[in-house]
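Below is one structure, written out as C-alpha cells; the observations come after it.
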Amino acid sequence: MIRLRQTGFSYLFLLPSFLLTAVLGIYPIGWAIWYMFFDYKGYGTASFVGLDNFDRLLRDTLFWDTVVNTFVYAGGKLLITIPLALVLAVILNRSFRGRSALRAIVFLPTIISSAVMAVVFYMLFNSYNGLLNQYLLKLHLIPERIDWLGPDHAMLTAIMIAVWGAIGNYMLLFLAGLQNIPQDIYESSSLDGASRWQQFWYLTVPMLGPVLQMVIMLAIINSLKGYESIMVLTDGGPIGKTEVMYLYVYKLFFPTPSASFTADQQFGYGSAVGFATAVIVGLVTIVYHLLSRRLNQLQ
Amino acid sequence: MTNMATVVQAKRPSRYLPAGRIGGKVLIGLFLLIIAALILFPLIVTGFGSLMTNAEITAGGKLIPADWQFINYKEAWVQANFSRFLWNSFFLSATSTIGTLIVASMAAYVVERMTFPGKALFVGLQAATMFISIGAVVLRPQFQLMVKLHLHTTLWGVVLILISAHAYIFFILLSFLKGLSRELDEAARIDGCSNAGIYWRILLPLLRPALGVGALFTFCGAWNEYLRPLVFTLNNPELQTLTVGLSYLRYGPTAAVQTHYMFAGACLSILPLLLAYVVANKSFMQMTAGSLKG
C-alpha cells in the first residue's frame, strides 16, 4: 500500500518534467525522423518518397560545402581556443595580485549573448564604416581598409569572434582540473631541476589528461553545433563562405532572404539534412573517443 | 619561528632572481595584459559607442565620445522600441527560470528519494535530450504544436520550450540532493510530514545554494536566447526580445544610420548581466565548473 502510494506520488511529481520532455523534446525528433522520408513543403499533403531525400543529400554539393565550412570553423576555433585557454588556466592558477580580477575578465564573455556580440562585432568589423579598420588606419597598422567580412576573411573573422566568446569557459574548466593536481609534485620536480616549461609539458599536461580529453570532447561538440553568432554576423555569406551545416538546416525550415538555395520551406528534405548533421557530429565524437582511448593505451 | 623563516628564505633563490626568470615574468605579464585588452576592447567600444552621435561613430577613429549623448538611450528606449524588448526579455527569463527550477527540482526529488518503476528510463530520457541535437529541425514541430495550443501569439510558447530543456538543471540538482542526508526526511516523516511537505519544507530550503546557481544559469541562458524567440516572433514584432530586436536592427534597411542605437541596445542587453556578474562573479563561474563535477 505504502509502495503504491509512493509510486503514485512519484509519477505525479514527475509528470510536468516528463510531459514537457516528451512533447517538446522527444516528439520533435520523432517528427523529423518521420518526415525525412517524405516530400513535404509545409503546406498541402506530404507524399512518401522513401530514401529520395538521402539520395538528394548525397548529391547536394551545397550541403557538403557547409560540412567542410563547419569543420574549418570548428577546427580553427578549437586550435586557437584550447591551447590559449590551457595556458591562461596554468598562469591564472598561480597566486599573484590581480588574479581574481583577471579570471573574472577572461570569463566575462561567457555570460554575454553571442547574438548581441555578433551585432557589436559586425559594427567593429564591417569594411565600410567598421570601427576596427578606422582604428587600425589611424594607428597606421594597416595601409588600407581590410574587408574583414568579405569572401577572403569572413571565416577567419567568424573564428576570432568564436574564440573571444569561448575562451573563458574552457579556461575555467581547465582551472577546475588543475586544482585537483597535488602541488607537492611541482615542488619535488623543481628540486630535481625541472624548468617551468618542462613542468608544464611533462607534469601538468599528463596530469590533466582525463580533464583535457573531456573538455576537448565538449569543445568539439559545441563548436560543431554553434551557428547563432555566424547567423547574425554574416548569415552564412558572403557567397556561402561562412555557411555552416546547422545554419543550412535552419534555412531549409525558415528561409531567410540570403538563402539563395531555397525560397521554399522544405520540411522533408530539411529533416533529412538535420538527421545527417546529427550523425556527422555523432561520428566525430565516436572517432575522437576511440582515438583518445588508443592514446591512453599507448601511454 | 623567526629562525625557521630565515632558513626557508635563505634556501629559496627568489631574492636573486636570474635574468631569465624576470624576463619570463615580464613576458607573462605582457601576455595577460594583451589578452585582457582584447577581451575588454569590444565591450569598451560598445559602452562608449552608445554615448556617441551616429556621425561621430561613422567618422571613426575615436574611443571616447566628445559629447556624451545620453539621449541615445532615451531614443532607443522610445523609437527603437527597446522598452518593449527589455520587458519581453525579462518576462521570458524570469518565468522560464522559475518554471525550470520547479519542474527540475520536483523530478530530482522523486528520482533521488523514491522508488518507482520506470525510473531508469526517465533518467535515460533526460540524458538523451542533452546529447541528441538535430538543430533547427525541432523548432518547426515545436512551433506547430504551439499554434495548435494557441500559444504562438504570446511568449508562453517560448517559455514552455525553454522549460522543457531542463535536463541539465535536473542533473545538477540530483547530484546535490545525493549529498543531503536522508535523516532529515525521516525525522520529518515521523513528525507527520507528507511527501510533498518534505519536498517543500525540508529539501527546497536545503537546496537553496544549488537552486541559486541553477537560477543564474537558466536566467542567463534565457536572457541570451536568440533562435527560439526569433522563430516565434517572426510575425509578432511586439514579442521580440532584446537579442532579436537588436539583430533586426542590424539587418534593417536603416542599419547604417542607427549604429548608435545598436550600441545602446547592446549595452541595455549586456548591462543587467554585467552588474550581476560584478556582484557575484564567483557564482557565475560555479555554473561552468560545476558541469565538470556534476
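Among the listed residues A:G193, A:G177, A:G168, identify the single one that is within 14 Å of another protein chain (Cβ to nearest Cβ), closer than 22 Å to A:M117 by Cβ and either exposed (fewer than 12 other Cβ atoms within 10 Å of the Cβ) or not β-branched (V, I, T) (or both).
Values: A:G193 fails: closer than 22 Å to A:M117 by Cβ; A:G177 fails: closer than 22 Å to A:M117 by Cβ.
When all the criteria are applied, what remains is A:G168.
It is to be established whether one or more residues within region B:161-172 are outside any helix (DSSP H, G or I) and within 30 Å of A:L4 (Cα to Cα). Write out each step before concluding.
Step one: of region B:161-172, the residues outside any helix (DSSP H, G or I) are B:165-166.
Then keep just the ones that are within 30 Å of A:L4 (Cα to Cα); that gives B:165-166.
Yes: region B:161-172 contains one or more residues that are outside any helix (DSSP H, G or I) and within 30 Å of A:L4 (Cα to Cα).
Would you point out which residue out of A:T157, A:T81, A:T70 is more than 7 Å from chain B (Cβ to nearest Cβ), over 30 Å from B:L271 (Cβ atoms), polar (S, T, N, Q) and in contact (Cβ under 8 Å) with a residue 60 or more places away in the chain?
Values: A:T157 fails: over 30 Å from B:L271 (Cβ atoms); A:T81 fails: over 30 Å from B:L271 (Cβ atoms).
Of A:T157, A:T81, A:T70, the one residue that is more than 7 Å from chain B (Cβ to nearest Cβ), over 30 Å from B:L271 (Cβ atoms), polar (S, T, N, Q) and in contact (Cβ under 8 Å) with a residue 60 or more places away in the chain is A:T70.
Considering (1) part of a helix (DSSP H, G or I); (2) assigned by TED's automatic domain parsing to the domain that holds B:A188; (3) surrounded by fewer than 23 Cβ atoms within 10 Å (Cβ to Cβ); (4) modelled with pLDDT under 90, say which one B:S247 fails and leave the rest.
(3)
For region B:132-158, enumerate the residues that are more than 7 Å from chain A (Cβ to nearest Cβ), closer than 22 Å to A:Y35 by Cα and in a loop (DSSP other than H, G, I, E, B).
B:L149
Counting only residues that are away from chain A (no Cβ under 13 Å), give me the helices (runs of 4 or more DSSP H) lying completely in region B:24-131 with at least 3 of them.
On the way: elements: B:54-59, B:71-78, B:82-113, B:119-131.
Of the helices (runs of 4 or more DSSP H) lying wholly inside region B:24-131, those with at least 3 residues that are away from chain A (no Cβ under 13 Å) span B:71-78, B:82-113.
Is it true that B:A222 is closer than 21 Å to A:I111 by Cβ, among the small types (G, A, S) and at pLDDT 90 or above?
On the way: closer than 21 Å to A:I111 by Cβ: yes; among the small types (G, A, S): yes; at pLDDT 90 or above: yes.
Answer is yes for this residue.
For region A:128-148, which residues satisfy the criterion of being more than 12 Å from chain B (Cβ to nearest Cβ) and either surrounded by 22 or more Cβ atoms within 10 Å (Cβ to Cβ) or touching a residue at least 12 places away in the same chain (Cβ under 8 Å) (or both)? Talk me through it step by step, then tell me what you get.
Initial filter on region A:128-148 (more than 12 Å from chain B (Cβ to nearest Cβ)): A:141-144, A:146-148.
Scanning region A:128-148 gives A:I146, A:D147, A:W148.
Could you identify the single residue in B:V111, B:V123 that is in contact with a Ser or Thr (Cβ under 9 Å, 6 or more places away or on another chain), hydrophobic (A, V, I, L, M, F, W, C) and farther than 25 Å from A:M36 by Cα? I'd like the intermediate steps shown before the answer.
Working: B:V123 fails: in contact with a Ser or Thr (Cβ under 9 Å, 6 or more places away or on another chain).
Testing whether each residue is in contact with a Ser or Thr (Cβ under 9 Å, 6 or more places away or on another chain), hydrophobic (A, V, I, L, M, F, W, C) and farther than 25 Å from A:M36 by Cα leaves just B:V111.
Counting only residues that are assigned to a helix (DSSP H, G or I) and in contact (Cβ under 8 Å) with a residue 60 or more places away in the chain, which one in region B:177-193 is surrounded by the fewest Cβ atoms within 10 Å (Cβ to Cβ)? Step through it out loud before you land on a result.
First, the residues of region B:177-193 that are assigned to a helix (DSSP H, G or I): B:177-178, B:183-190.
From what's left, in contact (Cβ under 8 Å) with a residue 60 or more places away in the chain: B:177-178, B:185.
Numbers: B:L177: 19, B:K178: 9, B:D185: 18.
By that ranking, first place goes to B:K178.
Identify, please: which residue in region A:205-225 is in contact with a Gly (Cβ under 9 Å, 6 or more places away or on another chain), modelled with pLDDT of 85 or more and not hydrophobic (A, V, I, L, M, F, W, C) and is, among those, farthest from A:L124 (Cα to Cα)?
Within region A:205-225, the match that is farthest from A:L124 (Cα to Cα) is A:K225.
Show the residue pairs that are 6+ apart or on different chains and have beta-carbon atoms under 8 Å apart, the first residue being within region A:274-297 and closer than 13 Å to A:T70 by Cβ, the second being aromatic (F, W, Y) and part of a helix (DSSP H, G or I).
Qualifying pairs under 8 Å: A:A276/A:F54; A:A276/A:F63; A:T277/A:Y246.
Scan the helices (runs of 4 or more DSSP H) fully inside region A:1-103 and keep the ones with 2 or more residues being surrounded by 19 or more Cβ atoms within 10 Å (Cβ to Cβ), at pLDDT 90 or above and among the β-branched types (V, I, T).
Numbers: elements: A:2-20, A:27-35, A:52-59, A:61-93.
Per the criteria, A:61-93.
Suppose we filter region B:194-208 for residues that are more than 10 Å from chain A (Cβ to nearest Cβ) and touching a residue at least 12 places away in the same chain (Cβ under 8 Å); how many remain?
To start, the set of residues in region B:194-208 that are more than 10 Å from chain A (Cβ to nearest Cβ) comprises B:197-198, B:200-208.
Going one step further and asking which of them are touching a residue at least 12 places away in the same chain (Cβ under 8 Å), we end up with B:198, B:201-204, B:206-207.
So the answer is 7.
Name every residue in region A:101-127 that is at the interface with chain B (Cβ under 8 Å from one of its Cβ atoms) and among the polar types (S, T, N, Q), in order of residue number.
If we filter region A:101-127 for residues that are at the interface with chain B (Cβ under 8 Å from one of its Cβ atoms), which is where we start, we get A:102-124.
The answer is A:T110, A:S113, A:S114.
The values are calculated or read from the model by the stated rules, or taken from the named source; none is laboratory data. Everything numeric here is computed off the predicted structure, so don't read it as measured data. Cβ atoms come from the backbone with ideal geometry, glycine included; neighbour counts cover every protein chain shown.
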